[in-house]
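For reference, the structure discussed in these notes is given below.
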Amino acid sequence: MTEPLTTDTARGSARPRIATVGVHILDTLGAPVDHLPSGQNSLRLQEIRVAPAGTAAGVAVDLALLGADVSTFGAVGNDEIGAFLLSSLRGHGIDTAGVVHLDGVQTSASILLVRPNGDRPALHVKGANGIATWDDLGPPDLEGFAGVHIGGLDAMSALDRPRSLEVMRAARASGAVVSLDFQSSAQWLEADLLELLPGADYFMPNLEQAVGLVGDGTPEEVAGRLLEHGPRAVVVTCGEHGAVYRDADRVVHQPAFRVEVVDTTGCGDSFCATFLLSTVRGDSVEDSLRRASGAAALVASGLGSDGLLEDWDQLERFVRDAPVLIP
């Protein structure tokens, strides 16, 4: 049986140091949106919210809420959106010194129209994420971190893949547990992204992304095919059908918690954040999966990338007491 991945710096630490590297977005969300008004008519909403998002910034917020000591690395524009985004991240106690400002481009931003069933059609400006290079980013110094999450290298198309793999391998060589996920939906993923998987301890795509990379199959089958590309383990998230973990020795299934879904924005980010944090704390695969699934359920229960997720103690109570699991 494969032992859980841990590091000496993380074991027993109340606040393990974790870095996130990748996509930073400012989301503006409105809910519920059941139709778009015609002409210049208006639609009255129950809630509008602005929140940090993306596979680095969103993950960083969730990690900070859960008690990690977080630094984040990426790029924003020299604009008011970027200033607000970084201020919000710092308000969560996140070190943003590794986020660079790029001239002549706006900060990446989205407008999300959240439907009553939780779906969220998006209007998006790629902005700084689309032009940032590794020369712009440093590359980041990832020494001394117990965990490193690499998020959205597919959306950061100017980051060349060989150097990205070097960054991931250097983080692992320094003792960090490295997790990887992608930002894009399946139709935007490229097959050469598979070249990044050997740099990851845990690759955590959703099922649509996994199928887009290696073809149709059950979650267990696509996880197995992804495993052949070099990560130590694969976790495929499957929405209301939970998640499937697979490594060289075993397959573990985690059902989803039953909640009333408000907004699915950030569910994958919260899953990745919680699984990584639980893992570097020395928890078993089963416990890490259960907490990650619980965090995703809490995020789905509210508006924005952090939803109703509050802190580690709240998460522990939820996964202990939540009544019904979706089979």
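The DSSP beta bridges internal to the stretch 1-152 are antiparallel in roughly 35% of cases. Each part gets one Cα centre, and for the stretch 63-80 versus the stretch 220-241 those centres are 27 Å apart. Helical runs assigned H by DSSP (4 residues or longer) give the chain a calculated mean residue ellipticity at 222 nm of -8500 deg cm²/dmol, each run adding -39500 (n - 2.57) before division by the residue total. Helices assigned as whole DSSP H runs in the chain whose Cα atoms extend at least 15 Å along their own long axis and whose mean Kyte-Doolittle hydropathy is -1.0 or higher are found at 80-91, 161-173, 267-280, 285-300. The radius of gyration of the Cα set in the stretch 17-109, together with its Dmax, comes out at 15.3, 50 angstrom. Here the scattering of the chain is modelled by Debye summation over its C-alpha atoms, one equal scatterer each and no solvent; at q = 0.12, 0.14, 0.15 Å⁻¹ the log10 of I(q)/I(0) is -0.76, -1.06, -1.24. Convex hull of alpha carbon positions in the stretch 206-327: directionally averaged projected area 7.3 nm².
What share of the DSSP beta bridges in the stretch 29-112 is antiparallel, in percent to the nearest 5? If we restrict to bridges inside the stretch 29-112, about 30 percent are antiparallel. If you run the Gaussian network model on the chain, springs between alpha carbon atoms under 10 Å, then out of Gly217, Gly93, Gly130 the most flexible one is Gly217. The slack between Ser185 and Glu286, meaning 0.36 nm per residue of separation minus the straight C-alpha distance, is 33.6 nm.
GNM on the chain, C-alpha springs below 10 Å: top fluctuator among Thr218, Thr107, Thr28? Checking each option, the largest mean-square fluctuation is seen for Thr218. For the stretch 248-315, the carbon plus sulfur part of the accessible surface works out to 46%, probe radius 1.4 Å. Site-free segments of the chain were taken between trypsin sites (Lys or Arg not before Pro) in DSSP loops having at most 11 other Cβ atoms within 10 Å, sites themselves excluded; the longest one is 45-249.
Here the calculated FRET efficiency for Asp313 and Arg15, from their Cβ-Cβ distance with R0 = 25 Å, stands at 0.95, rounded to the nearest 0.05. The Rg/Rh ratio of the stretch 161-228, with both radii computed over alpha carbons and Rh defined as the Kirkwood radius, is 0.98.
For the chain, DSSP calls about 40 percent of its internal beta bridges antiparallel. Centre-to-centre, using Cα atoms only, the stretch 146-184 and the stretch 96-110 are separated by 19 Å. Mind jotting down the distance between the C-alpha centroids of the stretch 30-56 and the stretch 291-316, whole Å? Taking the Cα centre of each part, the stretch 291-316 and the stretch 30-56 sit 21 Å apart.
Overall, the accessible surface of the stretch 99-204 at a probe of 1.4 angstrom is composed of carbon and sulfur to the extent of 51 percent. For the Cα trace of the stretch 54-187, dividing Rg by the Kirkwood Rh returns an Rg/Rh value of 0.96. Backbone N atoms of the stretch 95-133 closer than 11 Å to the 7 Å Cα→Cβ label point of Gln46 belong to residues 116-118. Solvent exposure of the chain amounts to 42 Å² per residue of accessible area, where only protein heavy atoms count and the probe is 1.4 Å. For Asn117 and Phe84, the difference between the fully extended length at 0.36 nm per residue and the C-alpha to C-alpha distance is 9.0 nm. Within the listed set Pro198, Pro37, Pro231, the residue fluctuating most in the Gaussian network model of the chain (springs between alpha-carbon atoms under 10 angstrom) is Pro37. Per the Kirkwood treatment, what hydrodynamic radius in Å, one decimal, follows for the stretch 112-207 from the mean inverse distance over all distinct Cα pairs? Final number for the Kirkwood radius of the stretch 112-207 is 14.6 Å.
Given axes a ≥ b ≥ c from the Cα gyration tensor, I'd like to know whether the stretch 59-114 is rounded (a/c under 1.5), prolate (a/b larger than b/c) or oblate. Oblate. Segment Asp34..Asp192, full-extension length gain: 53.1 nm, with 0.36 nm per residue of separation and the alpha-carbon distance subtracted.
The values are calculated or read from the model by the stated rules, or taken from the named source; none is laboratory data. Small disclaimer: the values here were computed from a predicted structure and weren't measured. We place every Cβ from the backbone using ideal geometry, glycine too, and count neighbours over all the protein chains shown. In case anyone asks, the SASA skips ligands and DNA or RNA and just uses the protein heavy atoms, side chains included. Shrake-Rupley method; radii C 1.70, N 1.55, O 1.52, S 1.80 Å.
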